[in-house]
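Reviewing the structure listed below.
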């Protein structure tokens, strides 16, 4: 699993959560798995014309199962959905899952991005590698937050920069924490026009993606639409991610939060939610902080989620770009 460019951001800021990554440098692809210590409330929202998903219908508020055992983000287009099977196998061995006596069925929703045309060797034979990558990522999960060219972001690209896996978090005055983990493989660009300034600059905290701020003067080409490969092929893109909170929320509220959090895409990428993107956000609640409902405003949670999504997108691209520049002779 060589070839990674990893930025370690310290401990995961939400308790009761582990994140694991696996990748293949020759194929130029990878998988990321988010695992709560115990089954957690989750929902999802999809925007864009080319989604690739597993078990997302189950996350609709009207469906029976409220909690999931893990969430998988993977490269590989539809082949990458196999990564969830690998994660499910690991969880089954660990005795995790929805009880269906005498068995337990691990609930593992997944989403994929398209990285098949990034130059890696995709001649993998009869069976793609994603089931094994999913198992490896789950087995490698720990409490350290890592970003950059790693996991599901290993083979990702954007219209103007390398892609990558990014993260950002914020603790609200009510005590709840919101974090985002984003695999950025957008059809559009995270940068304003031909500059290296990020669209997400107004939301940056502590120089997390370079502290460049907004360009001055404002570039004349800021509104120019630039897309990957001229955007001639649908489905070659997609940014996917997970928003995690430790606040106690319902499945309905998780869905509402996912809808609001999608605003973060539009603050960090241009253009966004195109016919060639299957942009998707999961929302996961570890439920560690039961808070007074007057103090815990869903509006505040959703707004913070959108901000952290935009920051995580820029942070992932910045980490991958900086590492790429440092690796260039």
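The values are calculated or read from the model by the stated rules, or taken from the named source; none is laboratory data. Because the structure is predicted, anything quoted here is derived from the model rather than measured. No Cβ is skipped: glycine too gets one built from the backbone with ideal geometry, and neighbour counts run over all protein chains shown.
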Could you look through region 274-290, keep only residues that are modelled with pLDDT under 95 and in contact with a strand residue (DSSP E or B) (Cβ under 6 Å, 6 or more places away or on another chain), and pick out the one that is nearest to residue 35 (Cα to Cα)? 288
Every residue from region 56-73 that is assigned to a loop (DSSP other than H, G, I, E, B), without any contact (Cβ under 8 Å) to a residue 60 or more places away in the chain and touching a strand residue (DSSP E or B) at 6+ places or on another chain (Cβ under 7 Å): 65
Residue identified as more than 23 Å from residue 17 (Cβ to Cβ), touching a strand residue (DSSP E or B) at 6+ places or on another chain (Cβ under 7 Å) and at pLDDT 95 or above among 317, 243: 317
Criterion: touching a strand residue (DSSP E or B) at 6+ places or on another chain (Cβ under 9 Å) and closer than 17 Å to residue 140 by Cα - qualifying residue of 16, 48, 76: 16
Filter result for the condition that a residue is over 15 Å from the mean Cα position of the chain (by Cα), at negative phi and free of Cβ contacts under 8 Å to residues at least 40 places away in the same chain, over 204, 223: 223
Looking at region 274-284, is at least one residue under 25 Å from residue 66 (Cα atoms) and surrounded by fewer than 24 Cβ atoms within 10 Å (Cβ to Cβ)? no
Residues that are free of Cβ contacts under 8 Å to residues at least 12 places away in the same chain and buried (at least 24 other Cβ atoms within 10 Å of the Cβ): list the strands (runs of 3 or more DSSP E) wholly contained in region 91-188 that include at least 1 such residues. none
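For region 28-48, give me the residue count where each residue is assigned to a loop (DSSP other than H, G, I, E, B) and either surrounded by 24 or more Cβ atoms within 10 Å (Cβ to Cβ) or at pLDDT below 95 (or both). Full working, then the answer.
From region 28-48, those assigned to a loop (DSSP other than H, G, I, E, B) are 28, 37-39, 47-48; that's our starting set.
Adding the requirement that they be either surrounded by 24 or more Cβ atoms within 10 Å (Cβ to Cβ) or at pLDDT below 95 (or both) leaves 47-48.
So the answer is 2.
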Give region 189-208 a look and list any residue that's within 23 Å of residue 273 (Cα to Cα) and assigned to a loop (DSSP other than H, G, I, E, B), or say none. 190, 192, 193, 194, 195, 196, 197, 199, 200, 204
From the options 87, 7, 78, 83, residue that is in a strand (DSSP E or B) and closer than 27 Å to residue 320 by Cβ: 7
With 213, 193 as the choices, which residue is over 30 Å from residue 294 (Cβ atoms), free of Cβ contacts under 8 Å to residues at least 60 places away in the same chain, surrounded by fewer than 24 Cβ atoms within 10 Å (Cβ to Cβ) and in contact with a helix residue (DSSP H, G or I) (Cβ under 8 Å, 6 or more places away or on another chain)? 213
State whether the residues of region 293-308 include one that is within 16 Å of the chain's Cα centre (by Cα), closer than 18 Å to residue 48 by Cα, part of a helix (DSSP H, G or I) and modelled with pLDDT of 95 or more. yes
